[in-house]
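These notes concern the structure reproduced below.
The values are calculated or read from the model by the stated rules, or taken from the named source; none is laboratory data. Bear in mind the structure is a predicted one, so any value in this text is a computation, not a measurement. Cβ atoms come from the backbone with ideal geometry, glycine included; neighbour counts cover every protein chain shown.
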Amino acid sequence: MGRFMGVLVVKCHVTGRDFSTGIHTDAGTFGRMKNEVMQSRCPYCMSEHSWRPLDAKLIDATPPTNSIANQDRR
């Protein structure tokens, strides 16, 4: 089995809700990310949020190969 893959999420400053940055990574790579400012569009308040890796958390993500859309329909 490969490395645990997850997605980085950050908190919307307007709604307080967590949202996906769209960045999929593993814990080792996440730990080595430079603490540079990044931006992601928030689906809740529809604005761009600036964040740093220290503001993000890595959560479990279902790989695309396991999604319903990619399963063989019989």
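Quick check on segment 4-42: of everything there that is assigned to a strand (DSSP E or B) and hydroxyl-bearing (S, T, Y), which residue is farthest from I59 (Cα to Cα)?
If we take residues in segment 4-42 being assigned to a strand (DSSP E or B) and hydroxyl-bearing (S, T, Y), then S40 is farthest from I59 (Cα to Cα).
Can you find a residue that is on the phi > 0 side of the Ramachandran plot and modelled with pLDDT of 95 or more anywhere in segment 29-41? No - not one qualifying residue is present in segment 29-41. When M1 is tested against (1) of a type outside the set (S, T, Y); (2) in a strand (DSSP E or B); (3) at pLDDT below 95, just one condition goes unmet, and that condition is (2). Pairs linking a residue in segment 7-19 that is touching a residue at least 40 places away in the same chain (Cβ under 8 Å) to a residue that is buried (at least 16 other Cβ atoms within 10 Å of the Cβ) and of a type in the set (F, W, Y), with Cβ atoms under 6 Å and 6 or more positions apart or on different chains, are V10/W51.
Tallying residues that are within 10 Å of P53 (Cβ to Cβ) and either surrounded by fewer than 15 Cβ atoms within 10 Å (Cβ to Cβ) or of a type in the set (D, E, K, R) (or both) within segment 1-36 yields 5.
Can you work out which of the residues in segment 43-64 that are in a helix (DSSP H, G or I) and loosely packed, with under 12 Cβ neighbours inside 10 Å is modelled with the lowest pLDDT? Among those that are in a helix (DSSP H, G or I) and loosely packed, with under 12 Cβ neighbours inside 10 Å, it is P64.
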